Amino acid sequence: MAKTILVTGANGYIGQKVVEQLLNLGLNVLAVDLVVEGIDPRAERLQVNLFENPEQITKRVDQIDACMHLAWRNGFNHFANSHIDDLPGHFRFISSLLEAGLKHIAVQGTMHEIGYWEGKIDENTPTNPISYYGIAKNALRQATALLAKKKEATYQWLRAYYILGDDKRNHSIFTKILEAEERGDTTFPVTTGKNAYDFIEVDELAYQIALVVTQTDVAGIINTCSGKATTLREKVEEFIASRGLNIKPQFGAFPDRPYDSPIVYGDNTKIQKIIAAAGQN
């Protein structure tokens, strides 16, 4: 019998893709969000506020094999007060699931838990977040790890890096390039573009997330990433060329921000182990 995966934030930028990937892998999905119309109709869709009505989920814990907690507000605005305001709600929801008997909890994390770092990030890299978003995610990670250990549940924390794809929804520099092209702008101002980041397409990220939550052999902090650093200049030029855009980037129009690392990327050892195991099944 196929496992049932609870996905919160299922109508979000990443959530919709994760639901699709899980369904394509043959899993049953209970997809939860405040609005459900955009979620794949093959899933069981449940419109609920997790903070106000968690009992609508906890009463069904015996039907759920794992939870992928993606729900989060204002993920693209790293200094929104909502990150701190919502933190107790996220913890109460996760706690309620584990208290009700759930034995597998996976939560979406972020490289922004780390703060400023140069080089490769692995599960032992120290955290020193420098945004409300990073602070809130880091606190939830620490609390969830403690609670899962207490309840003897499988705990997975999935760290995402720089996401692109489905670009009109992701509020990144690539979204802004598309908007500028649509306005008829001929040039687009950028920093020097020398900084190198771990970029991942949202479809690939969703696939990695789906594979993680369908297994328990690999747990703890898991980087969902490409495992390599690409300069922003390379990625912008590739993005424009691959989409046949006419706009020309103006590199050096803005100075590089002092808090941006010159190079940062994730250690993909654990996710590659999961992908390899999935290919053998």
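Nothing in this text is a laboratory measurement; each read-out follows from the coordinates by a stated rule. The structure presented is a predicted model; accordingly, all values stated were derived computationally and were not measured. Here Cβ is always computed from backbone atoms with ideal geometry, including for glycine, and neighbour counts include all displayed protein chains.
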In whole percent, what relative contact order does the chain give with Cα contacts below 8 Å and a gap of six or more residues?
18
For LYS3, counting only lysines whose alpha-carbon sits under 29 Å away and dropping same-chain residues fewer than eight positions off, the answer is LYS17, LYS59, LYS103, LYS137, LYS149, LYS150, LYS151, LYS270, LYS273
What per residue convex hull volume, in Å³, comes out for region 215-281 when only alpha-carbon positions are used?
122
When averaged across all projection directions, what area in nm² does the alpha-carbon convex hull of region 64-173 cover?
7.7
Among PHE93, PHE199, PHE254, what is the fewest-to-most ranking by other Cβ atoms within 10 Å?
PHE254, PHE93, PHE199
From the residues ILE173, LEU158, THR144, which one has its Cα farthest along the dipole of region 140-281 in the positive direction, the dipole being from +1 and -1 charges on Cβ of Lys/Arg and Asp/Glu about the Cα centre?
THR144
Charge-dipole axis of the chain as Lys and Arg at +1 and Asp and Glu at -1 on Cβ define it, positive-most pick from VAL19, ASN124, MET111:
ASN124
Can you tell me the 0 to 90 degree angle between the C-alpha axis of helix 232-242 and the longest principal axis of the chain, rounded to 10?
90
Output the 0 to 90 degree angle, nearest 10, between the alpha-carbon long axis of helix 132-150 and the longest principal axis computed from the alpha carbons of the chain.
30
Could you give the radius of gyration (one decimal) and Dmax (whole number) of the Cα atoms in region 1-108, in Å?
13.3, 44
Can you tell me the 0 to 90 degree angle between the C-alpha axis of helix 87-99 and the longest principal axis of the chain, rounded to 10?
40
Placing one identical point scatterer on every Cα of the chain and ignoring solvent, what is log10 I(q)/I(0) from the Debye formula at q = 0.09, 0.10, 0.13 Å⁻¹?
-0.43, -0.53, -0.89
